[in-house]
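The values are calculated or read from the model by the stated rules, or taken from the named source; none is laboratory data. None of these values were measured; they are calculated from a predicted model. We place every Cβ from the backbone using ideal geometry, glycine too, and count neighbours over all the protein chains shown. Accessible surface areas use protein heavy atoms only, side chains included; no ligands, DNA or RNA. Shrake-Rupley method; radii C 1.70, N 1.55, O 1.52, S 1.80 Å.
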Amino acid sequence: MSVLSFYDQLADDYHLIFKDWQAGLRQQGQILHDFIAQIRPQAPDLTLYDCSCGIGTQAIGLALQGYTVHATDISPLSVERAQKEASALGLNMTFGVADFRSLTDDVDGKFDVVLSCDNALPHLLTEDDLALAAQNLFSKVKSGGLLLISIRDYDELLKARPHTTPITVLDNVDGNRRIRFQVWDWQGDSPIYVLNQFIVSGKDNWTTHHYQTKYRALQRAEITPFLTQAGFEDVQWHMPETSGYYQPIVTAQKA
């Protein structure tokens, strides 16, 4: 159930979670660029580091906007997929494999913007790991630079503690269909849950793929202290209705 095995196994199928992954990465790139430009008007003439890039959804989208992008992930197979996708689009990006608890040692240089989107931070289940990640993120941001993280709205989700996400049925271009949904198994009264990602595909004959990992439902008031203790300033939360992005975003500055 490790994070590494989850994303390695999911790398080939990750795009199936989206209705149209190529369109989705372009849309996310545009939304994130517009948001970053409100804080850093010189965007996209910035260096940007995506430290949890997966198969490249945000990193590639922002490279298409004109940012100079370096991207890493804990999953080698996800990074390999991201490299292939970027190459197919003719993008000049750099990639590597790294855990965001050891970025200081594993990643060279500092960046104008350090990014971690799509709920990567809540894979860290302990206080020690969260503090370590915040310190390593701080080490990769240039003086005067920006940190940007997006996570699920756990402040609201913890009120209901849902056990499943809505079932979505999508039509493939080959005439088959995809059914995607998640089942969440909460660990007692704790904020930890096991996420089961299901992707069912077919038409007459159906194939089910199941991927499993753990998350900690981190509330906003829990995350902010880790960032300030690491040295970040001006920590602010931005909700989807103001940012345009599909998840809450936290931004922080480095003096």
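The test for being touching a helix residue (DSSP H, G or I) at 6+ places or on another chain (Cβ under 9 Å) and either under 30 Å from His33 (Cβ atoms) or open to solvent by 70 Å² or more (accessible area, probe 1.4 Å) (or both) does not hold for Glu241. For Ser75, are the conditions met, namely being modelled with pLDDT of 95 or more, of a type in the set (S, T, N, Q) and closer than 25 Å to Thr213 by Cβ? Yes, satisfied.
Scanning the stretch 201-230 for residues that are buried (at least 17 other Cβ atoms within 10 Å of the Cβ) and either modelled with pLDDT under 95 or out of contact with any helix residue (DSSP H, G or I) (no Cβ under 8 Å at 6 or more places or on another chain) (or both) yields one hit, Ser201.
Yes/no matrix, rows are residues, columns are (1) aliphatic (A, V, I, L, M); (2) open to solvent by less than 50 Å² (accessible area, probe 1.4 Å); (3) in contact with a Gly (Cβ under 6 Å, 6 or more places away or on another chain):
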| position | (1), (2), (3) |
| --- | --- |
| Ser2 | no, no, no |
| Asp8 | no, yes, no |
| Ala11 | yes, yes, no |
| Gln42 | no, no, no |
| Leu48 | yes, yes, no |
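Taking the stretch 25-40 as the range and being open to solvent by less than 40 Å² (accessible area, probe 1.4 Å) and closer than 14 Å to Gln65 by Cα as the test, the residues that pass are Leu25, Gln28, Gly29, Leu32, His33, Phe35, Ile36, Ala37.
Would you check if there is a residue in the stretch 17-24 being among the basic types (Lys, Arg), closer than 21 Å to Thr251 by Cα and surrounded by fewer than 20 Cβ atoms within 10 Å (Cβ to Cβ)?
From the stretch 17-24, those among the basic types (Lys, Arg) are 19; that's our starting set.
Keeping just the survivors that are closer than 21 Å to Thr251 by Cα gives none.
No.
If only one of Gly175, Gly188 is of a type outside the set (S, T, N, Q), outside any strand (DSSP E or B), farther than 28 Å from Ile31 by Cβ and touching a Lys or Arg at 6+ places or on another chain (Cβ under 9 Å), which one is it? Let's see the steps before the verdict.
On the way: Gly188 fails: touching a Lys or Arg at 6+ places or on another chain (Cβ under 9 Å).
When all the criteria are applied, what remains is Gly175.
Cβ-Cβ distances below 9 Å connect the following pairs, each with a first residue in the stretch 154-183 that is among the hydroxyl-bearing types (Ser, Thr, Tyr), a second residue that is open to solvent by 100 Å² or more (accessible area, probe 1.4 Å) and assigned to a loop (DSSP other than H, G, I, E, B), and a separation of six or more residues or different chains: Thr168/Lys19. Pairing residues of the stretch 123-146 that are under 16 Å from Leu218 (Cα atoms) with residues that are small (Gly, Ala, Ser), at Cβ distances under 7 Å and at least 6 apart in sequence or on separate chains, gives Leu124/Ala133; Ala134/Ala230.
Using the structure shown, decide if Val194 is among the β-branched types (Val, Ile, Thr), assigned to a strand (DSSP E or B), surrounded by fewer than 17 Cβ atoms within 10 Å (Cβ to Cβ) and more than 19 Å from the chain's Cα centre (by Cα). Walk me through it before giving the result.
On the way: among the β-branched types (Val, Ile, Thr): yes; assigned to a strand (DSSP E or B): yes; surrounded by fewer than 17 Cβ atoms within 10 Å (Cβ to Cβ): yes; more than 19 Å from the chain's Cα centre (by Cα): no.
In short, no.
Selection within the stretch 169-191: residues that are loosely packed, with under 14 Cβ neighbours inside 10 Å and farther than 21 Å from Tyr154 by Cβ. The member of this set that is modelled with the lowest pLDDT is Val173.
Within the set Ala59, Ala37, the sole residue that is assigned to a helix (DSSP H, G or I), among the aliphatic types (A, V, I, L, M) and free of Cβ contacts under 8 Å to residues at least 24 places away in the same chain turns out to be Ala37.
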